[in-house]
Amino acid sequence: MRNQVDISSAEISEILEEVMDPEIPVLSVNDLGIVRDISVKDKAVQVTITPTYMGCPAMDMIAATIKMTLLSHGFTDVSIRQVLSPAWTTDWISEKGKQKLLEYGIAPPNSKPQFCNTEFFTANEAVQCPHCSSWNTKRISEFGATACKALYQCADCKEPFDYFKCH
């Protein structure tokens, strides 16, 4: 059993770098920004997480993986708490996480939505291609492999790619 009396939340956070998002396996839960709080009291560790969107199917798996990872590091009293407020936003993805998305071939979310035209409801957000860096892209589908991504295609290199939607 690990001596939990002297453990800090920063040390727990470092361990959580091992816990990857099951839908985007290059991002840790820290990179994704879903870890809202870590508290260590006596010998109990509580990790508070926020889903990327309401009903995210990966949250149960993420919570179980966090708990199993901490147990494997010798922590015996671990609880995971999910909170919905404040709602998660793509602003919580770390800069390191955005770079990992790009290297993985997923366009990271723009810091502020940008539109190619002024027609709000038909607007196509300007998204840079993660393969060739061109801005000459178009949305193919509002939904990609998961609900938090949209499918785009680059008009220059012709490659399709996922875009992690802003919200």
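Set the bar at 21 Å for Cα to Cα. Now go through 98/158; 98/165; 41/67; 41/96; 100/165 and name every pair that lies beyond it.
98/158; 41/96
Taking Cα pairs under 8 Å and at least six residues apart, what relative contact order does the range 9-89 come out at, in percent?
32 percent
Pull up all non-local amide H partners of residue 82: gap of 5 or more, or a different chain, and H-to-H distance under 5 Å with H placed in the peptide plane.
Hits under the 5 Å cutoff: 49.
Helix-only mean residue ellipticity at 222 nm, the chain, DSSP H runs n ≥ 4 weighted -39,500 (n - 2.57), per residue, nearest 500. What is it?
-6000 deg cm²/dmol
Using a Förster distance of 41 angstrom, determine the FRET efficiency expected from the C-beta separation of residue 77 and residue 110, and round it to 0.05.
The computed FRET efficiency comes out at 0.50.
Once the Cα atoms of helix 95-104 and of the chain are each reduced to a long axis, what angle between those two axes, in degrees from 0 to 90 to the nearest 10, is obtained?
Relative to the chain, helix 95-104 is tipped by roughly 60 degrees.
Go through the range 128-136 residue by residue and turn each phi into a ³J(HN,Hα) via Karplus (6.51, -1.76, 1.60, θ = phi - 60°); whole Hz please, and just put x for glycine and proline.
After applying 6.51 cos²θ - 1.76 cosθ + 1.60, I find 7, 5, x, 8, 10, 6, 6, 9, 7 Hz.
How large is ³J(HN,Hα) for each residue in the range 149-160, as worked out from phi by the Karplus curve 6.51 cos²θ - 1.76 cosθ + 1.60 (θ = phi - 60°), to whole Hz, x for Gly and Pro?
10, 10, 9, 10, 9, 8, 6, 8, 8, 6, 7, x
Just so you know, all these numbers are worked out from the coordinates, no wet-lab data involved. Given the structure is predicted, the values throughout are model-derived calculations rather than measurements. Please note: Cβ atoms are built from the backbone with ideal geometry, for glycine as well, and neighbour counts cover all protein chains shown.
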